[in-house]
Amino acid sequence: MAPDPDLVGMLEHRRIVVVAGAGGVGKTTVSAALALGLASRGARVAVVTIDPARRLASALGIAHLGDEPDRVDPARITAAGMPMEGTLDALQLDPQATFDRLVAREAPDEAARQRILRNRVYRHLSTAVAGAQEFMAVERLHELVDSGRYDVVVLDTPPARNALDFLDAPERMTRFVEGRGLRLLLGPRSGAGRTGWRALQAGGHMVMSVVERLTGAQLLTDISEFLQSFDGMYQGFSDRASAVRFLLASDSTRFVVVTGPRPEPATEAIALWRRLRDDRYPLGAVVVNRVHLEPGGDGAPPDGLADLLAAAGAADPVGLAGRAADALAMARARAAADRHEVQAIAGALDGPPMVLVPALEDDPVEVAGLARVTRELEGR
Amino acid sequence: MASCRARVREMGSPPLTGRRLAFVLGKGGVGKTTVAAALALGMADAGHRTLLVEVAAEQRTGALFGVTPSLDDPVEVRPGLFALSVDAERATQEYLTIQLKVRPLVEMMARSRAFHQVTQAAPGLAELVTLGKIWDMATKVHDGAPVWDRLVVDAPATGHGIALLRAAGNARDLAGSGPIHDQAGAIEKVIRHPAATGIAVVARPEELAVTEAVEAVSTLREAGLPVACAVMNGVRRSSFSGDDAHALSAVASDPATGPAQRAAAEAALAIATGAAHDAREVDGLARESGLPVAVLPEVPDLSPGSGGLEALSAALLADPAIAGDHGA
């Protein structure tokens with residue numbers, strides 16, 4: 001196989017790096033390692049994590065990752081043997097706070113803002129509507145890029161059941177807020193608990209009265225109020241969603257797809273890469289994380305190990321050598337299985353740029369561990 | 001037996017295997033579906049008529065049993081073990097059929113775009129209907145006997161899974177009155193009762209999965225939902241003692257050692273290191289969640305006929321964290 005490309009080099013001078021993939025493949029670590037590499041080379045970098053990565057935060061010397069960016073002390077990075085020409089900020093996505101700010105920005109006046117923030121449908125929105133978290137992540141990305149404080153923003157995407165949700169979320173959310181058909185049917189409802197209300201279509205009236213019978217009038221009043229409070233705002237939402245979509249499809253962006261060397265995440269990674277390619281999103285590379293490397297010895301049996309172990313003071317050198325030989329056979333089988341999976345991914349995608357990160361014994365717990373991942377991503 | 005009963009009463013609630021309704025929850029990629037299937041298989045093997053419910057519509061259960069669960073009727077995948085996939089849209093139609101009793105009206109609702117938008121706009125309505133369907137099956141009685149002795153629910157990934165479990169409470173809050181409000185109350189009563197319902201939170205021995213599991217446990221507890229235990233999936237074990245590791249390290253670091261011998265010593269040491277790491281994560285999960293933790297080994301092959309799922313099931317049902325002190 002060709003030597004790994006330098007992924008950090010490929011991402012230099014981009015404004016957005018989106019790191020996507022199935023849950024549990026180590027997206028957060030890869031995101032942080034890429035951000036570290038870019039900052040090390042001189043960029044002002046922000047990395048946005050989705051998961052509560054406490055150990056990553058403490059590795060970066062940040063007590064608690066929050067919604068506002070925190071600067072990583074450059075001394076920590078140089079102490080780990082990495083040059084530090086730029087800056088590295090880290091933050092963790094807070095969907096509700098992001099949405100509240102968006103509402104504050106788009107609301108025509110303070111009264112409208114308060115009405116939305118108090119609405120019960122709104123308060124349940126960020127957790128209950130499919131794609132809401134993805135929408136907030138994209139919105140936060142937009143804020144950070146707009147702020148002008150960063151050369152590049154690295155976004156660790158939410159662990160969606162289907163990683164493709166991420167791309168459709170802004171539009172779905174805009175459609176939801178717009179709620180065209182629903183507005184028409186609900187019409188203006190005055191006062192909580194009022195049961196009689198105007199419907200514009202006979203069929204629609206029927207539907208709504210059935211819904212009201214099931215849910216009670218309060219829910220429909222809340223939904224109606226919610227949609228009314230967004231009146232005049234959804235154009236802003238829609239504009240932002242298209243602006244973000246444009247930015248994500250431009251040459252300023254690169255998508256990095258992360259997977260593990262296992263069939264399940266690999267299937268998702270392959271589907272995601274194809275979808276991105278078909279929709280002409282700018283592709284970076286596929287990162288296969290936690291790959292088991294071929295052990296040394298070129299497949300030869302570890303003959304004579306028992307004698308060495310006896311000399312080293314083992315109590316049962318023959319038994320121990322046997323168990324160690326089994327361990328070696330297992331490690332070789334695992335390396336072969338991983339190699340097979342990597343080849344399957346490469347074959348399915350016609351040889352995309354691919355970077356392999358070997359399995360470490362532990363998640364990185366300090367900058368030095370993260371720097372090791374960075375070096376692997378640089379193809380070193 | 002008497003002492004077991006006393007202990008169970010002391011702890012306030014039965015072990016997970018003693019509850020009719022079990023929810024299996026966890027971060028994506030931790031092996032929730034596998035744990036749910038293994039748990040359901042174990043309950044069925046113990047003689048309970050068991051229904052495995054898949055919510056995430058991923059149809060992964062099929063790959064484990066070699067049978068695709070149906071959206072309509074439970075399919076028997078092993079003796080005494082049935083599987084069903086619950087879909088929110090279909091469950092909504094079913095619910096309407098029961099409520100409205102008029103077929104054309106139901107069909108009109110199902111076709112109506114406005115209705116779909118209401119169900120989308122009403123936060124958590126899809127979850128509520130899904131939970132309602134599960135509740136309905138858990139409480140269904142035929143000829144005076146429960147239709148299902150045990151239900152095991154393979155819940156969606158953590159955030160969505162918690163939303164599912166909280167759906168009844170949320171609905172009571174959102175819908176001020178009406179049939180949904182009343183039904184939500186009835187569902188909530190069962191879902192929150194620790195003698196009827198138990199939640200198992202699954203993690204893998206990795207930082208993020210453990211952190212997320214611990215946070216899920218505290219969120220569930222705050223919501224008054226009955227968390228029964230945690231399950232650590234994919235835990236590596238080692239047969240190498242401290243003395244073994246000492247001798248292996250000496251051999252691995254000796255420059256005179258040949259490449260194959262060094263590779264064997266290093267492979268053995270990696271197993272010891274991995275197992276020590278995983279044991280620390282198990283301790284951390286137990287300490288931070290305050291829950292009994294069932295430990296499942298790594299099983300490389302889970303395909304039907306490999307015996308992998310059966311091995312997991314046996315390990316799970318023998319674990320006191322799942323089955324209490326007296327086993328299943």
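Quick check on region B:196-253: of everything there that is part of a strand (DSSP E or B) and within 12 Å of another protein chain (Cβ to nearest Cβ), which residue is surrounded by the fewest Cβ atoms within 10 Å (Cβ to Cβ)? Talk me through it step by step, then tell me what you get.
In the first step, residues of region B:196-253 are kept if they are part of a strand (DSSP E or B); the result is B:197-203, B:227-235.
This time we only want the ones that are within 12 Å of another protein chain (Cβ to nearest Cβ), so: B:202-203, B:233-234.
Working: B:Val202: 28, B:Ala203: 29, B:Asn233: 24, B:Gly234: 19.
Top of the filtered list is B:Gly234.
Take the conditions at pLDDT 95 or above, more than 30 Å from the chain's Cα centre (by Cα) and open to solvent by less than 20 Å² (accessible area, probe 1.4 Å) and apply them to A:Ala306. Does it pass?
Criteria not met by A:Ala306.
Is it the case, given these coordinates, that B:Ala184 is more than 19 Å from the chain's Cα centre (by Cα), over 23 Å from B:Leu41 (Cβ atoms), at pLDDT 85 or above and within 12 Å of chain A (Cβ to nearest Cβ)?
Yes, satisfied.
When you check B:Leu269 against the structure, is it open to solvent by 20 Å² or more (accessible area, probe 1.4 Å), facing chain A (nearest Cβ under 10 Å) and modelled with pLDDT of 95 or more, yes or no?
Criteria met by B:Leu269.
Yes/no matrix, rows are residues, columns are (1) aliphatic (A, V, I, L, M); (2) open to solvent by 60 Å² or more (accessible area, probe 1.4 Å); (3) at pLDDT below 95; (4) in contact with a Pro (Cβ under 9 Å, 6 or more places away or on another chain):
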site: A:Glu341; (1), (2), (3), (4): no, no, no, yes
site: A:Ile345; (1), (2), (3), (4): yes, no, no, yes
site: A:Gly351; (1), (2), (3), (4): no, no, yes, no
site: A:Glu366; (1), (2), (3), (4): no, yes, yes, no
site: A:Leu370; (1), (2), (3), (4): yes, no, yes, yes
site: A:Arg375; (1), (2), (3), (4): no, yes, yes, no
site: A:Gly379; (1), (2), (3), (4): no, no, yes, yes
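Consider A:Leu293 against the criteria (1) on the phi > 0 side of the Ramachandran plot; (2) more than 10 Å from every other protein chain (Cβ to nearest Cβ); (3) not β-branched (Val, Ile, Thr): it satisfies all of them except one. Which criterion is unmet?
Result: A:Leu293 fails condition (1) only.
Testing B:Ala263 on (1) among the aliphatic types (A, V, I, L, M); (2) modelled with pLDDT of 95 or more; (3) closer than 30 Å to B:Ile162 by Cβ, one condition comes back false. Which one is that?
Evaluating B:Ala263 over (1) among the aliphatic types (A, V, I, L, M); (2) modelled with pLDDT of 95 or more; (3) closer than 30 Å to B:Ile162 by Cβ leaves (3) as the failure.
For region A:1-93, which fully contained strands (runs of 3 or more DSSP E) count at least 3 residues that are of a type outside the set (A, V, I, L, M)? I'd like the intermediate steps shown before the answer.
On the way: elements: A:16-20, A:44-49, A:87-92.
In region A:1-93, A:87-92 are the strands (runs of 3 or more DSSP E) which contain 3 or more residues that are of a type outside the set (A, V, I, L, M).
Just to be sure, is B:Ala186 crowded, with 22+ Cβ neighbours inside 10 Å and assigned to a helix (DSSP H, G or I)? Please lay out each step first, then the result.
Numbers: crowded, with 22+ Cβ neighbours inside 10 Å: no; assigned to a helix (DSSP H, G or I): yes.
Criteria not met by B:Ala186.
Name the single residue, out of those in region A:197-233 being surrounded by fewer than 21 Cβ atoms within 10 Å (Cβ to Cβ) and more than 11 Å from every other protein chain (Cβ to nearest Cβ), that is modelled with the highest pLDDT.
Top of the filtered list is A:Gln228.
Can you tell me which residues in region B:76-100 are among the hydrophobic types (A, V, I, L, M, F, W, C) and open to solvent by 40 Å² or more (accessible area, probe 1.4 Å)?
The answer is B:Ile98, and nothing else.
If we scan region A:255-270, do we find a residue that is among the basic types (Lys, Arg) and either open to solvent by less than 10 Å² (accessible area, probe 1.4 Å) or more than 30 Å from B:Gly258 (Cα to Cα) (or both)?
yes
Inside region B:42-98, can you point out the residues that are among the basic types (Lys, Arg) and either touching a helix residue (DSSP H, G or I) at 6+ places or on another chain (Cβ under 7 Å) or not in a loop (DSSP other than H, G, I, E, B) (or both)?
Residues satisfying the conditions are B:Arg60, B:Arg78, B:Arg90.
For region A:97-129, which positions are among the polar types (S, T, N, Q) and free of Cβ contacts under 8 Å to residues at least 40 places away in the same chain?
Matches in region A:97-129: A:Gln114, A:Ser126, A:Thr127.
Here's the yes/no breakdown for (1) more than 9 Å from chain B (Cβ to nearest Cβ); (2) charged (D, E, K, R); (3) in contact (Cβ under 8 Å) with a residue 40 or more places away in the chain:
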{"position": "A:Ala306", "(1), (2), (3)": "yes, no, no"}
{"position": "A:Ala314", "(1), (2), (3)": "no, no, no"}
{"position": "A:Leu320", "(1), (2), (3)": "no, no, no"}
{"position": "A:Leu328", "(1), (2), (3)": "no, no, no"}
{"position": "A:Asp338", "(1), (2), (3)": "yes, yes, yes"}
{"position": "A:Pro352", "(1), (2), (3)": "yes, no, yes"}
{"position": "A:Leu370", "(1), (2), (3)": "yes, no, yes"}
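Mind listing just one residue for me: the one in region B:293-317 that is open to solvent by 60 Å² or more (accessible area, probe 1.4 Å) and part of a loop (DSSP other than H, G, I, E, B) and, of those, modelled with the lowest pLDDT?
Among those that are open to solvent by 60 Å² or more (accessible area, probe 1.4 Å) and part of a loop (DSSP other than H, G, I, E, B), it is B:Pro300.
The values are calculated or read from the model by the stated rules, or taken from the named source; none is laboratory data. Remember, it's a predicted structure, so these values are computed and weren't measured experimentally. Ideal geometry is used to build each Cβ from the backbone, glycine not excepted, and the neighbour counts take in all protein chains shown. All accessible areas refer to the heavy atoms of the entire protein, side chains included, with ligands and DNA or RNA removed. Shrake-Rupley method; radii C 1.70, N 1.55, O 1.52, S 1.80 Å.
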